[in-house]
1. Counting only residues that are among the small types (Gly, Ala, Ser) and closer than 14 Å to Ala259 by Cα, which one in segment 157-178 is modelled with the lowest pLDDT?
2. Restricting to segment 103-144, what's the tally of residues that are in contact with a helix residue (DSSP H, G or I) (Cβ under 6 Å, 6 or more places away or on another chain) and among the hydroxyl-bearing types (Ser, Thr, Tyr)?
3. Among the residues in segment 269-279, are any out of contact with any Cys (no Cβ under 8 Å at 6 or more places or on another chain), assigned to a loop (DSSP other than H, G, I, E, B), at pLDDT 75 or above and of a type outside the set (A, V, I, L, M, F, W, C)?
4. Just the residues that are in contact with a Leu (Cβ under 9 Å, 6 or more places away or on another chain) and under 18 Å from Val144 (Cα atoms), please, taken from segment 178-202.
5. Within segment 201-252, work out how many residues are hydrophobic (A, V, I, L, M, F, W, C), at pLDDT 90 or above and surrounded by fewer than 16 Cβ atoms within 10 Å (Cβ to Cβ).
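The values are calculated or read from the model by the stated rules, or taken from the named source; none is laboratory data. All values reported here derive from a predicted model rather than from experimental measurement. Glycine also receives a Cβ, built like all others from the backbone with ideal geometry; neighbour counts cover every protein chain displayed.
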Amino acid sequence: MNGSTVPMHADTQHLWKTISSKQQKKCKKVMSISNISDETTTEPPSPSPPPTYKLFSIRFLRLHGRDLFAASANWFLVDVVFYTSNFLLSHIFSSYSHKPSSSATTNVYDATFEVAKLGYIVAACSTIPGYWFTVFFIDKVGRVKIQIMGFFFMAVIFLAAGIPYGWYWSKHEQTKKGFMVLYGLVFFFCNFGPNTTTFIIPAELFPARFRSTCHGISGAAGKLGAIVGTVGFLWATKKVEDGDDMNQVYPDVNRMRTAFLILGGVCIAGMFVTYFFTKETMGRSLEENEHEHERDKNVEDEEIGDGQSLAST
């Protein structure tokens, strides 16, 4: 009210006279409180404008360089493994099928159909279930733990397949089905692991104005890994001699063994990159990526603290 009088309608005045003085005091008190609250209510402060700095500037590298390296390196490594494993599918079919593609009774169309059928079986039994496991566990276990777990089990499978490949897997007929199950587990843990998380993490790490660019850079690193996986391994497993035949390759057994061992090493490298460089984004909202002034202050405080500790020593 604040000393000012408010004009009333005739009906309102009649109603006001009919109520008791005690009730009038209560009404005045309620009206005065509502007026005070209306006067003290202010508009929320406008959000501070986002900090302005360019992509790949010194401040960008200080705030996001580690995240961009981790996202790109992990995507590169997992695509080396994923596309090479698909590339080796036809060789595995030739070695473990009852109708190898090199058979004279099987033409190229039948061989292609059989390899495609094997790929569909692997996808139905391993790849798709791996995706669903990730959907169910990703917000319960966390992105980083799933990624490390996927790299770890793929490394174990590749080493278990590669180390005894020459004297066990390729020599015993009864191990064909076991080897195919082992190979299918590679795709299961690839999708219940880094093949899914490497796509999700870059979308949750960076502020909005850099998110699509950094995600694209990470994806481009993955496609580079795909080229290395499909082309580089064919070149790396060639046996170069001084004779006329410069393109003689290792026998299939040695070539498969070499590929499995290298892929196991790539998975181990992915474990280390994920553990030491990748940040967990589970439970973190995208709005937190915009609070870079707080993140920048924390980085500066860490640098100051490191400098003081070095000076004191």
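1. Our first condition is that a residue be among the small types (Gly, Ala, Ser); within segment 157-178, this holds for 160-162, 166, 170, 178.
Retained after the next criterion (residues that are closer than 14 Å to Ala259 by Cα): 160-162, 166.
Values: Ala160: 88, Ala161: 84, Gly162: 82, Gly166: 66.
Checked segment 157-178; the qualifying residue modelled with the lowest pLDDT is Gly166.
2. Count: 4.
3. First, the residues of segment 269-279 that are out of contact with any Cys (no Cβ under 8 Å at 6 or more places or on another chain): 269-279.
Still in the list and also assigned to a loop (DSSP other than H, G, I, E, B): 278-279.
Within this subset, residues satisfying the condition of being at pLDDT 75 or above are 278-279.
In the following step, the residues that additionally are of a type outside the set (A, V, I, L, M, F, W, C) were identified as 278-279.
The answer is yes, given that some residue of segment 269-279 is out of contact with any Cys (no Cβ under 8 Å at 6 or more places or on another chain), assigned to a loop (DSSP other than H, G, I, E, B), at pLDDT 75 or above and of a type outside the set (A, V, I, L, M, F, W, C).
4. To start, the set of residues in segment 178-202 that are in contact with a Leu (Cβ under 9 Å, 6 or more places away or on another chain) comprises 180, 183, 186, 194, 198, 202.
Once the filter is applied, which keeps residues that are in contact with a Leu (Cβ under 9 Å, 6 or more places away or on another chain) and under 18 Å from Val144 (Cα atoms), segment 178-202 yields Pro194, Thr198, Pro202.
5. 4
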